[in-house]
Amino acid sequence: MAPKKTAKKSGKEDEGFICPMCLVVRCLRDMVDRKSPFFEHMSNARVEFLEGIKSLIDERIEAIKKGPGTRKSRLTKIKVED
C-alpha cells in the first residue's frame, strides 16, 4: 500500500513551532457547536480572557491620553565618577 500524500506545510509549521494560544483558540473554534457544561465554561473563559486583554488595552489608552508625564520612569540616573 502506497503512503498517503499530505498537503504541503507552510514555512512556520516546518520550523516545528505552533503558537499555544493559536492552538487553543483553533480547538475552541472547532468545538463551538458542542453543547455541554465543559464547552459552556470554556466559552465563558474565552470571553473573560478577551475582556481582561481589553481592560489592559483600555488602561494603556487612558495613560496615553493623559500625556507623557503620567507613567513612572523605570530609568534611574546614576552619577559615575571618573
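Going by neighbour counts of Cβ atoms within 10 Å, the residues Val24, Val80 line up, fewest first, as Val80, Val24. Applying 1/(1 + (r/R0)^6) with r as the Cβ-Cβ distance of Ser36 and Leu56 and R0 = 41 angstrom yields a FRET efficiency of 0.85.
On full extension, the segment bounded by Val47 and Lys77 gains 6.5 nm, given 0.36 nm per residue less the C-alpha separation.
Every number in this text was worked out from the coordinates using simple rules, so none of it is lab data. Since we're looking at a predicted model, the values are computed, not measured. Note that we place each Cβ from the backbone using ideal geometry, even for glycine, and neighbour counts take in every protein chain shown.
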